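> Quick one: structure below, then a few questions.
Nothing in this text is a laboratory measurement; each read-out follows from the coordinates by a stated rule. None of these values were measured; they are calculated from a predicted model. Here Cβ is always computed from backbone atoms with ideal geometry, including for glycine, and neighbour counts include all displayed protein chains.
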């Protein structure tokens with residue numbers, strides 16, 4: 001029972017780190033970026049290459065994955081994404097799906113189509129016995145690391161100057177610009193941050209979610225669910241949504257495997273019908 | 001700047017649409033080449049299967065000179081993405097109608113083979129199934145021959161072995177589609193007939209599976225062994241969770257068909273795979289001169305790949321077609337080619353094989369193997385053999 | 001001028017039978033894809049309702065026609081009818097859930113519903129064949145005369161004829177007050193009630209209509225390939241339909257059909273030339289087109305025409 005709960009929380013947290021960047025681009029820039037998973041994939045592959053071929057320590061690989069994805073995000077934002085801000089959503093869909101195709105084929109060409117695997121360092125593998133339940137060490141690591149990230153993001157958005165400028169820019173970009181807030185640069189930095197987090201999530205997820213060239217498409221639906229159910233504009237909304245998704249998914253598979261993925265789809269549809277603007281819509285509106 | 005980009009955009013799409021009619025009507029003259037249509041999942045979730053088969057087929061042609069019975073073989077490779085049977089069917093139709101292929105080959109998964117079978121029947125074109133492994137496939141068309149394996153064929157031996165080894169209580173975990181259900185049924189029949197018990201039967205979805213919750217249930221049920229079947233390429237994810245959930249410490253042994261310890265990714269699975277006992281028709285570690293030459297040539301051509309059981313299905317399938325062409329002096333088509341391929345025996349890298357003349361299915365040795373570490377690499381080391389196993393039927 | 005272009009379009013479609021005589025299966029698939037995208041266009045292009053789950057109706061139609069034939073009634077036209085009715089019913093049932101306002105919720109609710117339907121089909125192997133696909137679909141000759149043949153002659157004319165008839169119907173509908181009301185709703189949904197337009201009723205009606213169209217497209221696929229698999233309900237199919245629509249140009253019936261033809265053709269040619277890496281080239285073309293962004297291929301074509309005249 002407890003094991004199932006911990007598993008659900010861990011996978012929810014991982015999902016959050018992967019998806020939070022998407023909620024940022026959607027909420028802050030009103031951009032439908034279906035290619036978000038591609039940054040996660042990029043991070044995953046960087047991690048695999050550094051770990052397996054060059055034998056770097058795992059934490060360093062994670063860091064490199066995040067940095068690589070962030071830089072990639074920044075470059076693409078400046079070169080391409082920027083041109084599509086404010087355009088029709090469907091144009092953005094066309095564009096970002098195109099990017100997904102390119103990314104998938106490029107990775108396939110570079111690394112091959114098969115599943116990529118890593119071997120975790122000894123200090124992260126195995127399980128610990130807490131009382132009478134055993135819990136995977138890596139899951140605990142995921143929960144701890146992602147928990148720190150959630151906290152940092154939340155505080156960053158609420159407490160720092162960057163955060164308040166960002167929120168201002170989101171509420172009303174025109175006025176914010178008039179107040180001398182460098183909206184463009186703000187968006188670029190935010191985009192890079194979101195991509196970097198996705199890269200980190202991709203690297204963390206190699207062990208749990210697997211990694212192959214279909215990664216961005218395979219998990220796109222999950223990312224979209226997190227963002228839609230959580231609602232854009234906040235950190236906590238998607239976080240709660242991701243947790244809920246993770247727990248419902250894992251528990252559903254454990255207790256009623258006959259239902260398959262039915263559990264999460266139903267949960268999503270019901271939530272969306274009850275709260276079309278997201279879980280924390282009221283709190284955000286205040 | 002934007003103007004330039006847009007013009008490039010026009011050019012790109014324009015070129016794509018313009019190129020189409022020019023290429024369409026069989027660009028080359030027919031010549032005298034025998035065309036073989038190879039339909040495989042080369043992109044998408046089952047791409048690794050397609051890549052292995054394609055690599056082996058090309059390797060065969062490179063090593064054996066591309067001409068058989070005085071007839072040059074021309075290979076036409078098509079990607080069906082692995083998840084769209086209607087595309088497989090359309091590609092088969094096109095290859096037959098437009099490219100006039102002598103034989104269809106490939107077919108990565110059962111539904112894809114099912115969808116294409118009526119085309120083979122109606123066009124009277126032999127169809128060599130190189131990968132898909134549901135028992136019933138050969139019955140879908142009298143023109144189907146199979147060079148891969150069937151799940152009942154490789155499942156029965158591991159059930160017998162488990163009983164012999166003192167396992168009396170085993171859970172099953174299979175992927176929820178025809179081959180998985182085949183494996184589950186046969187394992188259950190054989191295992192319970194020998195006095196074994198199956199406390200838990202689990203089925204995981206074919207797409208986007210997450211094995212953790214299922215394996216947690218196995219751990220909670222604590223059987224002596226867990227029988228696993230998952231499609232090629234999925235083994236690693238299962239193996240990881242098997243280890244992370246602490247099933248080995250809980251005294252659960254991993255047994256299964258060889259799919260779960262797929263040679264393609266076995267090395268990356270590493271330690272968690274050690275000790276897994278499986279039954280299958282091919283291991284890259286198979287001890288024979290033919291196989292040593294095969295593995296050496298394969299890895300020379302693809303340094304990052306190790307040939308797996310899918311590849312050997314492709315290799316033998318191409319061999320079968322080549323032998324059929326030779327036997328008909330390169331003239332064989334339709335019924336004649338089919339008959340020339342039926343009943344053939346040869347020594348494959350996997351060992352001696354025969355295509356049964358009546359069932360058109362493969363008869364082959366099945367080996368019991370254990371994952372061991374040899375020189376820093378992980379291999380399926382064969383330690384027992386059941387000679388010339390047939391598909392036990394449905 | 002416009003009429004000549006239209007006539008030319010359909011003549012070209014018909015002439016493709018002689019131009020590409022050994023590509024008939026592909027041409028049928030294009031016609032079916034065009035019908036599916038047409039149905040999306042009615043919904044997305046005309047009424048402005050976003051959806052990521054249109055495959056639900058396509059798949060329902062495919063399974064309805066497939067199962068009907070499998071159970072021993074292989075008459076094709078009644079299969080189409082059944083598919084249309086069932087899909088329209090599903091559309092009517094789900095419309096209230098989808099039309100609650102907001103683009104993102106609409107996208108996600110449609111997506112969720114289609115995923116649920118896909119999972120249901122997967123979990124009912126007794127009815128649908130599950131992941132192995134529906135086997136044993138046998139379609140009788142059309143009017144008892146034209147057998148579905150290996151070369152795809154019958155399938156081609158059948159698909160094209162259905163596409164043409166349903167296109168005519170769609171053209172009538174979009175030109176009628178109903179269609180104008182839809183455009184009005186897309187332009188400004190708040191102001192339309194002031195003109196006396198019952199916004200909600202119109203949207204529900206178009207949703208059901210689009211669903212029926214998609215159902216017929218699915219039934220066509222099931223009948224011409226005599227096989228149905230879970231893939232008909234997949235998210236990829238919904239997304240690809242949307243892609244073709246944007247590619248061709250929204251809110252214009254011809255745009256929808258051109259988009260479907262261009263995408264399917266490009267996909268086919270590229271994957272034949274490069275079976276391993278065709279996705280790269282498709283992706284490149286999509287990105288380029290999105291950056292160019294002038295209302296899809298149709299928009300580009302119109303712009304080129306204007307420039308040529310000027």
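> How would B:240, B:124 line up from fewest to most surrounding beta-carbon atoms within 10 angstrom?
Fewest-to-most Cβ neighbours within 10 Å comes out as B:124, B:240.
> Find the Rg to Rh ratio for chain A, where Rh is the Kirkwood radius over alpha-carbon pairs and Rg uses the same atoms.
With Rh from the inverse mean 1/r over Cα pairs, Rg/Rh is 0.96.
> Angle between the Cα long axis of helix B:85-97 and the longest principal axis of chain B, 0 to 90 degrees, nearest 10?
40
> How big is the convex hull of the Cα atoms of region C:1-139, per residue, in Å³?
Convex hull of Cα atoms, per residue: 145 Å³.
> Over all alpha-carbon pairs in region C:123-228, figure out the percentage whose distance exceeds 21 Å.
Tail of P(r) above 21 Å: 55 percent of Cα pairs.
> Moving on. Quick one: order C:46, A:222, C:151 by neighbouring beta-carbon count within 10 Å, fewest to most.
C:151, A:222, C:46
> How much length is gained if the chain between residue A:119 and residue A:172 is pulled fully straight, taking 0.36 nm per residue apart and subtracting their Cα-Cα distance, in nm to one decimal?
Here the segment from residue A:119 to residue A:172 would lengthen by 14.4 nm.
> Oh, and also: To the nearest 0.05, what FRET efficiency results for residue A:1 and residue B:139 with a Förster distance of 41 Å applied to their C-beta separation?
It comes out at approximately 0.35.
> Where is the GNM fluctuation largest for chain B (alpha-carbon springs, 10 angstrom cutoff): B:280, B:302, B:319?
Answer for the Gaussian network model of chain B: B:302.
> Follow-up. What fraction of the Cα pairs in region A:168-286, stated in percent, has a spacing above 22 angstrom?
48
> Where the convex hull is taken over the Cα atoms of the protein assembly as shown, what is its projected area averaged over directions, in nm²?
39.9
> Hey, how much of the P(r) for chain B falls beyond 38 Å, as a percent of Cα pairs?
22
> Expressed in nm², what is the orientationally averaged projection area of the convex hull enclosing the Cα positions of region C:195-252?
Dividing the Cα hull surface by four gives the mean projection, 5.5 nm².
> Which whole number gives the average, over all residues in B:46-52, of C-beta atoms from other chains lying within 10 Å of the residue C-beta?
For peptide B:46-52, the averaged partner shielding equals 4.
> Next question. Treat each spin label as a single point 7 Å out from the Cα along the C-beta direction, and report the residue B:384 to residue C:183 distance in nm.
Using points 7 Å along Cα→Cβ, the separation is 7.6 nm.
> Rounded to the nearest Å, what's the spacing between the alpha carbon centres of region C:144-186 and region C:234-272? Just the number, please.
17
> Report the convex hull volume per residue for region B:276-394, counting only C-alpha atoms, in Å³.
128
> Specify the inter-centroid distance of region A:104-155 and region B:140-182, based on alpha-carbon positions, in whole Å.
Using only Cα atoms to place each centre, the spacing works out to 33 Å.
> Average partner chain C-beta neighbours within 10 Å, per residue of A:201-212?
2
> Separation of region A:214-244 and region C:28-95 by C-alpha centroid, Å?
Each part's Cα centre sits 30 Å from the other's.
> Out of C:267, C:54, C:153, any idea which swings most in a Gaussian network model of chain C, alpha carbons joined below 10 Å?
Most flexible of the set in this elastic network: C:267.
> Using 1/(1 + (r/R0)^6) with R0 = 25 angstrom and r between the beta carbons of residue A:129 and residue A:255, what's the FRET efficiency to the nearest 0.05?
Computed FRET efficiency for residue A:129 and residue A:255: 0.60.
> Describe numerically, in nm with one decimal, the distance between label points set 7 Å from Cα along Cα→Cβ at residue C:127 and at residue C:85.
1.7
> Would you please report the Å³ per residue occupied by the convex hull of the alpha carbon atoms in region C:2-309?
Measuring per residue, one finds 148 Å³ for the Cα hull of region C:2-309.
> Mind computing the radius of gyration and Dmax over the alpha-carbon atoms of region B:42-197? Å is fine for both.
For region B:42-197, the Cα-based Rg and Dmax read 18.3, 57 Å.
> Another question about this same structure. Assuming 0.890 mPa s and 25 °C, estimate D for region C:215-283 with Stokes-Einstein, Rh taken as the Kirkwood radius over Cα pairs, in µm²/s.
For these conditions, the coefficient is 185 µm²/s.
> Just to be sure I understand: with springs between alpha-carbon atoms less than 10 Å apart, which residue in A:84, A:193, A:63 has the highest mean-square fluctuation in the Gaussian network model of chain A?
Of A:84, A:193, A:63, the most mobile in the Gaussian network model is A:84.
> Between residue B:121 and residue C:200, what FRET efficiency comes out of the Förster formula 1/(1 + (r/R0)^6) with R0 = 51 Å and r the beta carbon distance, rounded to 0.05?
In this case the efficiency is close to 0.50.
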